[in-house]
Structure formats: C-alpha cells, structure tokens
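The values are calculated or read from the model by the stated rules, or taken from the named source; none is laboratory data. Predicted, not measured: the structure shown is a model, and the values here were computed from it. Neighbour counts are summed over all protein chains in view; Cβ atoms, including those assigned to glycine, are modelled from backbone coordinates with ideal geometry. Just so you know, the surface numbers come from the protein's heavy atoms only, side chains and all, with ligands and any DNA or RNA stripped out. Shrake-Rupley method; radii C 1.70, N 1.55, O 1.52, S 1.80 Å.
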Amino acid sequence: MLLPATLGLAFLVLPLAGLLIRAPWSTLPQRLATPGLLTALRLSLQCATLATVLCLLLGVPLAWLLARVEFPGRRLVRAFVTVPLVLPPVVGGVALLLVFGRRGLLGEWLDTTFGFTLPFTTTGVVVAEAFVAMPFLIIAVEGALRGADRRYEEAAATLGAGRWTTFTHVTLPLVAPGVAAGAILCWARALGEFGATITFAGNYPGITQTMPLAVYQTLESGDLDAAIVLSLILLTVSVAILAGLRDRWIGST
C-alpha cells in the first residue's frame, strides 16, 4: 500500500508545490498591492461572508427540519438539498438565470414589479455563492443535530421552556461546533466559487469579479505571474481554514 499511497500524495501535493516554486517571490509585495487584486479580494471576502450569512439564515432551519421532523418526501427534500454538491457549477448558474434572470420564473416579476435584477450584480454573486455553498452547511448542521443528546431538550420542555426558547438556549449551544464547522466550510466554498458566478453574475471588475474570476482573467491575458499570486492567496486561505477546522471544530464534533 505504500507505493500507491505515496503516488496519491504526490498527485495531490505536487501541483500545490508548483505554485510555491513558480511564485514570483521577488515582486510579490508589489503585486499584492495592485488595486485590481485588492478590489477582487475585498469583493470576494464581502460576498463570501454575505453568502454565509444567507446560508445560516436559511440553512439552519432547513437542517433542523430534516433532522427532527418526520414528513412525507423527506428523502426527496434531502436529495434536492445535496444536488448542488454534485451539480456542475456552470449548470447551477444557468439554472439561476432561468429563475432569477430578467425573463426567468421569478426574475421577470422582480424586474417588472420592483425594478430589481439579480444577474450581473454583486447581489447576484452572493446568490450564486449561497446556492453552491449551502449544502455544506446543511449537511454539517443536520449531522450535529442527529448526534446531539435530545434529553437536554426534553428536560427544558419539562421545565416549561417553549419551543423557541429550547431551540435558542439548548439546541443551538449543543450543535454550535457543527454550525461553526458548517459555516466555515460554507464560507470557504463560497470564496472559491467560479462556475455559477461567472455564468449568473458575469466577470465585471469591482462589481462581480471575485478572486477565482480574477485568476481566470489574468491567466487568459497571459500574465502567469499575476495568476500565481492570486492563486497563492486562495491557497493560503484554504489551508488556514482547513487547519482551523481540524484543530477546533472537527475534533469537538
């Protein structure tokens, strides 16, 4: 097993090592200070954070429903929830256009009624990122809810606590590590989203151009060093997130 294991490790590590070896270290500080890079980084962090907040607001209740409530079609609902995990992101972007585009199922109504459009806007980036990232949060929170000891909730109900009080003061603290882990994974997935974003929101600097899209554009323009620098930033963030999850949240769950 040692030989195939070594080959597997090399297959995963060598491309990352290539980024470090080919990185333009001598000009790295100047490249990191370029306005376009900082704008894309700021937009990426803002959109990923807003997408994570949206996923928390919608995903935690959905995870609770899947974990605690028996209802017809629950398996089908769970399947729909996990579809974005395996759906090609570009297909997800097309699906979002068909729903929220100016001629979409809901987008046309939003446009004619409120004059509000989602495609090719910063809000559209948030929606696209939330669409592909929410399953990570739901799966983590549902697993935490299923593993939580329900006797604490039953004891709170026996003492007269209402459902909302029990949920906010007992259930959420019990599953807080799972919620935190899911939120971090959700944020990381949103930060690295490319396909759905470029399809649904486009690639406009300062408006919809996030870091992955900036990597693609600089690579297409032939500026390999700039693409490497942008990739290094995303790699650093990813490694930091995974290290933090392993040490603080995954172990506690």
Using the Cα gyration tensor of segment 59-107, with a ≥ b ≥ c the square roots of its eigenvalues, what is the shape: rounded (a/c below 1.5), prolate (a/b larger than b/c) or oblate (neither)?
prolate
Compute for the chain: radius of gyration divided by Kirkwood radius, i.e. Rg/Rh, restricted to C-alpha atoms, rounded to two decimals.
1.03
Size of segment 110-161 as Cα extents on the principal axes (Å, biggest first)
51, 25, 13
Could you work out what % of the accessible surface of segment 69-162 is carbon and sulfur, using a 1.4 angstrom probe and leaving DNA, RNA and ligands out of the count?
67 percent
For Cα pairs less than 8 Å apart in space and 6+ apart in sequence, what is the mean separation divided by the residue count of segment 1-123, i.e. the relative contact order in percent?
10 percent
Cα-projected label distance for ARG102 with PHE80, points at 7 Å along beta-carbon direction, nm
2.9 nm
What percentage of the solvent-accessible surface of segment 207-246, computed with a 1.4 Å probe over protein heavy atoms, is contributed by carbon and sulfur atoms?
63 percent
Grab the beta carbon distance between ARG68 and TRP25, set R0 = 45 Å, and tell me the FRET efficiency rounded to 0.05.
0.30
Have a look at PHE120, PHE11, PHE71 and tell me which one the Gaussian network model of the chain (Cα, springs below 10 Å) gives the largest fluctuation.
PHE11
Determine the relative contact order of the chain: mean sequence separation of Cα pairs under 8 Å and six or more apart, normalised by residue count, in whole percent.
29 percent
If unit charges are put on Cβ atoms (+1 for Lys and Arg, -1 for Asp and Glu) and the dipole of the chain is taken about its Cα centre, the option from ALA48, ILE138, PRO89 lying farthest towards the positive end turns out to be ILE138
Each residue of segment 22-29 in turn: what ³J(HN,Hα) in whole Hz from Karplus with 6.51, -1.76, 1.60 and θ = phi - 60°, glycine and Pro shown as x?
8, 5, x, 4, 5, 10, 4, x
Which whole-Hz ³J(HN,Hα) couplings does segment 215-226 yield from phi under the Karplus relation 6.51 cos²θ - 1.76 cosθ + 1.60, θ = phi - 60°, glycine and proline marked x?
4, 4, 5, 5, 5, 5, 7, x, 8, 5, 4, 5
Mind jotting down the distance between the C-alpha centroids of segment 90-109 and segment 138-158, whole Å?
36 Å
Within-14-Å neighbourhood charge of CYS47 [Cβ basis; K, R +1; D, E -1]
0
Compute the accessible area per residue over the chain, keeping the other protein chains in place, probe 1.4 Å, unit Å².
57 Å²
